[in-house]
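The block underneath contains the structure these notes are about, expressed in structure tokens.
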Amino acid sequence: METTSINTESMQENIQDYVAQLQLYMALHARNLVPSLTQVKDPRHQLFQETQATIEKLASRQTR
């Protein structure tokens, strides 16, 4: 019985992580901030993308 409850909790966490990642992608995509597939040469631009992604991830997790 305990194994089933642990598996269920683990599965719920996996689904929550997936939803958070999907929300992040959708939010960035809606704002046209999805990082390009090419490598960014300007370190300031790369820092901006990383910071924006982190903020969006934190925001999407707070709504749970």
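Since every read-out is calculated from the coordinates, none of them should be taken as a lab result. None of the values given here were measured: they were computed from a predicted structure. Cβ: placed from backbone, ideal geometry, glycine included. Neighbour counts: every protein chain shown.
Things to note:
- Order by protection proxy (mean Cβ within 10 Å, highest first), peptides 8-17, 45-54: 45-54, 8-17
- Applying 1/(1 + (r/R0)^6) with R0 = 25 Å to the Cβ-Cβ distance of Ser5 and Gln62 gives a FRET efficiency near 0.40.
- Förster-model FRET efficiency, 35 Å R0, Ile55 and Asn14, C-beta, rounded to 0.05: 0.90
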